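Engineer: The structure follows.
The values are calculated or read from the model by the stated rules, or taken from the named source; none is laboratory data. The structure presented is a predicted model; accordingly, all values stated were derived computationally and were not measured. When we count neighbours, we look across all protein chains shown, and the Cβ atoms used for this are built from the backbone with ideal geometry, even at glycine. Just so you know, the surface numbers come from the protein's heavy atoms only, side chains and all, with ligands and any DNA or RNA stripped out. Shrake-Rupley method; radii C 1.70, N 1.55, O 1.52, S 1.80 Å.
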Amino acid sequence: MSPVDATIRRVERADLLGVVRIERACFSDPWPYDAFERLLDEPGFLVAERGGGVVGYVVADATPNYGRDIGHVKDLAVHPDARGEGLGRTLLRSALSRLYAGDVAVVRLEVRESNAVARSLYADEGFEPIRRVSNYYRDGEDALVLVADLAEWATGN
């Protein structure tokens, strides 16, 4: 299957159980249900739906910053059975497009230093590392903070 077999849309409350199931399947320190519930109104909280079920999601928001709003990709996951089809890239691009349309200038995210697949995806989409945060994750692993300029991303530079 390909990403075109999935529909990318805004999350709805009814999607949250599916989102949490994917979160638990993908991460050793998953977010709780109420963390997702608090973010329901964010325009960058999107799901990939296939066959009536959620197969992936992205959570992104924006913070006003004196005319150069800052976006934050907080979470991105694809169900293990749906990986390798481009859904993560499609979700990320959809969220970045929404942030860009909302006048976000720069987007940041944190990624586990050991997550080579995610780091490769983010690098392909123009994210560059700006710093390492020691012991960021509960298990003690460091995070890399990555940023992308959305104007450059949107023009493919």
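Engineer: Out of all the residues in the range 102-121, is one or more at pLDDT 95 or above, over 23 Å from Leu87 (Cβ atoms) and of a type outside the set (Asp, Glu)?
Structural biologist: For the range 102-121, residues at pLDDT 95 or above, over 23 Å from Leu87 (Cβ atoms) and of a type outside the set (Asp, Glu): present.
Engineer: Here is a list: Leu121, Leu150, Leu109, Leu144. Which entry is buried (at least 17 other Cβ atoms within 10 Å of the Cβ) and over 18 Å from Thr90 (Cα atoms)? Before you say what the answer is, go through the steps one by one.
Structural biologist: Working: Leu121 fails: over 18 Å from Thr90 (Cα atoms); Leu150 fails: over 18 Å from Thr90 (Cα atoms); Leu109 fails: over 18 Å from Thr90 (Cα atoms).
Matching residue, one of Leu121, Leu150, Leu109, Leu144: Leu144.
Residues are listed down the side, and each one gets a yes or a no for (1) of a type in the set (Ser, Thr, Tyr); (2) at positive phi:
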| residue | (1), (2) |
| --- | --- |
| Lys74 | no, no |
| Val78 | no, no |
| Gly84 | no, yes |
| Leu87 | no, no |
| Leu91 | no, no |
| Ser94 | yes, no |
| Tyr100 | yes, no |
| Val107 | no, no |
| Asn115 | no, no |
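Engineer: Here's a follow-up. Which of (1) modelled with pLDDT of 95 or more; (2) open to solvent by 20 Å² or more (accessible area, probe 1.4 Å); (3) touching a His at 6+ places or on another chain (Cβ under 8 Å); (4) under 22 Å from Phe127 (Cα atoms) is the odd one out, the single condition Thr63 does not satisfy?
Structural biologist: (1)
Engineer: Given the range 41-157, what helices (runs of 4 or more DSSP H) lie entirely inside it while holding 1 or more residues that are under 19 Å from Arg10 (Cβ atoms)? Let's see the steps before the verdict.
Structural biologist: On the way: elements: 87-101, 116-124, 150-155.
Here the list reads 87-101.
Engineer: Against the conditions (1) surrounded by 15 or more Cβ atoms within 10 Å (Cβ to Cβ); (2) in contact (Cβ under 8 Å) with a residue 24 or more places away in the chain; (3) closer than 23 Å to Val55 by Cβ, where does Arg83 fall short? Just the number, please.
Structural biologist: Of (1) surrounded by 15 or more Cβ atoms within 10 Å (Cβ to Cβ); (2) in contact (Cβ under 8 Å) with a residue 24 or more places away in the chain; (3) closer than 23 Å to Val55 by Cβ, only one is false for Arg83: (2).
Engineer: Filter the range 7-32 for residues that are under 24 Å from Leu99 (Cα atoms) and touching a helix residue (DSSP H, G or I) at 6+ places or on another chain (Cβ under 6 Å) and give the result.
Structural biologist: Within the range 7-32, Ile8, Leu16, Val19, Val20, Trp31 qualify.
Engineer: Pairs only if they're at least six apart or on different chains, beta carbon under 7 angstrom, first in the range 37-50 and touching a residue at least 24 places away in the same chain (Cβ under 8 Å) and more than 16 Å from Arg89 (Cβ to Cβ), second open to solvent by 50 Å² or more (accessible area, probe 1.4 Å) and assigned to a helix (DSSP H, G or I); list them, first residue then second.
Structural biologist: Going by the 7 Å Cβ cut-off, the qualifying pairs are Leu40/Arg13; Pro43/Arg98.
Engineer: Take the range 2-25 and flag every residue that is surrounded by 13 or more Cβ atoms within 10 Å (Cβ to Cβ) and either assigned to a loop (DSSP other than H, G, I, E, B) or modelled with pLDDT under 95 (or both).
Structural biologist: Within the range 2-25, Pro3, Asp5, Ala6, Val11 meet the criteria.
Engineer: Please indicate, with yes or no, whether at least one residue in the range 6-28 is in contact (Cβ under 8 Å) with a residue 60 or more places away in the chain and in contact with a strand residue (DSSP E or B) (Cβ under 6 Å, 6 or more places away or on another chain). Step through it out loud before you land on a result.
Structural biologist: Our first condition is that a residue be in contact (Cβ under 8 Å) with a residue 60 or more places away in the chain; within the range 6-28, this holds for 6, 8, 28.
Narrowing the set further to residues that are in contact with a strand residue (DSSP E or B) (Cβ under 6 Å, 6 or more places away or on another chain) leaves 6, 8.
Taking every residue of the range 6-28 in turn, at least one turns out to be in contact (Cβ under 8 Å) with a residue 60 or more places away in the chain and in contact with a strand residue (DSSP E or B) (Cβ under 6 Å, 6 or more places away or on another chain).
Engineer: Could I ask something else about it? Out of curiosity, is Gly53 in contact (Cβ under 8 Å) with a residue 60 or more places away in the chain and out of contact with any Lys or Arg (no Cβ under 6 Å at 6 or more places or on another chain)?
Structural biologist: So Gly53 does not fit the description; no.
Engineer: Something else now. State whether one or more residues within the range 71-79 are more than 21 Å from Pro32 (Cα to Cα) and either open to solvent by 30 Å² or more (accessible area, probe 1.4 Å) or at pLDDT below 95 (or both).
Structural biologist: No, because not a single residue in the range 71-79 is more than 21 Å from Pro32 (Cα to Cα) and either open to solvent by 30 Å² or more (accessible area, probe 1.4 Å) or at pLDDT below 95 (or both).
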